1. If you scan the stretch 3-22, which residues turn out to be over 13 Å from Leu71 (Cα atoms) and open to solvent by 70 Å² or more (accessible area, probe 1.4 Å)?
2. Tell me which residues, restricted to the stretch 29-43, are surrounded by 19 or more Cβ atoms within 10 Å (Cβ to Cβ) and closer than 17 Å to Tyr118 by Cβ.
3. Which pairs have Cβ atoms under 6 Å, sit 6 or more apart or on different chains, and link a residue in the stretch 24-36 that is on the phi < 0 side of the Ramachandran plot to one that is open to solvent by 30 Å² or more (accessible area, probe 1.4 Å)?
4. Testing Trp26 on (1) of a type outside the set (D, E, K, R); (2) crowded, with 19+ Cβ neighbours inside 10 Å; (3) over 16 Å from the mean Cα position of the chain (by Cα), one condition comes back false. Which one is that?
5. Tell me which helices (runs of 4 or more DSSP H) are completely within the stretch 45-151 and hold 2 or more residues being without any contact (Cβ under 8 Å) to a residue 12 or more places away in the chain, or say none if there are none.
6. I'd like to check something: does the stretch 28-39 contain any residue that is touching a Ser or Thr at 6+ places or on another chain (Cβ under 9 Å) and over 21 Å from Val77 (Cα atoms)?
Amino acid sequence: MILWCLLFLGLVLFGFSLRKPPIHHWLFTFLLTSYCSTFIGVIVVEKGMLEYPIRLLADYFESSILYEYLLFPIVCVYFHQTTYNASYKIWFLQAFCYNTFFTVIEVILEHYTNLVQYHTWTWLYTFISTFMLMIIIRTIVQFLPRKHTYS
């Protein structure tokens, strides 16, 4: 039930995230985050550091596609939107806040549900990896043109 609620929430938030320009920034952020988080997530799960006993499409994926393909990328889009005209200091402050929230949710899920299980993974690894990924992707997207021009 939790996974279905998160899927619905993620789809709704995705729809709202594309309501204002520059949409090409938001889509690039979403796709780049999906790619990077999937790559990292597969390594972490295959190394046995983390396990998702209950997941969507469990017959096909060992990692959490809901988190890697939808929820975390959506959070990165909103992070990018809220820091679009902000200084680097604000980037770090907001990334800290977003990741604190995300990490607390993951710890609660790990503790009280069977959605995620830590083996050699810890909440600190989650915090550091998602924080760094958000900052790196935000820095990359910063170099996209601000206005999209069509010829």
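1. Those that are over 13 Å from Leu71 (Cα atoms) and open to solvent by 70 Å² or more (accessible area, probe 1.4 Å): Phe16, Arg19, Lys20, Pro21.
2. Gly41
3. His24/His148; His25/Leu144; Trp26/Leu18; Ser34/Tyr69
4. Among (1) of a type outside the set (D, E, K, R); (2) crowded, with 19+ Cβ neighbours inside 10 Å; (3) over 16 Å from the mean Cα position of the chain (by Cα), the lone unmet condition for Trp26 is (3).
5. Details: elements: 72-82, 88-112, 123-142.
Once the helices (runs of 4 or more DSSP H) in the stretch 45-151 are filtered for at least 2 residues that are without any contact (Cβ under 8 Å) to a residue 12 or more places away in the chain, what remains is 88-112, 123-142.
6. no
For (1) out of contact with any strand residue (DSSP E or B) (no Cβ under 8 Å at 6 or more places or on another chain); (2) open to solvent by less than 60 Å² (accessible area, probe 1.4 Å), each residue gets a yes or a no:
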position	(1), (2)
Ala95	yes, yes
Ile105	yes, no
Leu115	yes, yes
Trp121	no, yes
Thr126	yes, yes
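The values are calculated or read from the model by the stated rules, or taken from the named source; none is laboratory data. Given the structure is predicted, the values throughout are model-derived calculations rather than measurements. Backbone-built Cβ (ideal geometry, glycine too); neighbour counts: all protein chains shown. Surface areas here come from the heavy atoms of the whole protein model, side chains and all, with no ligands, DNA or RNA. Shrake-Rupley method; radii C 1.70, N 1.55, O 1.52, S 1.80 Å.
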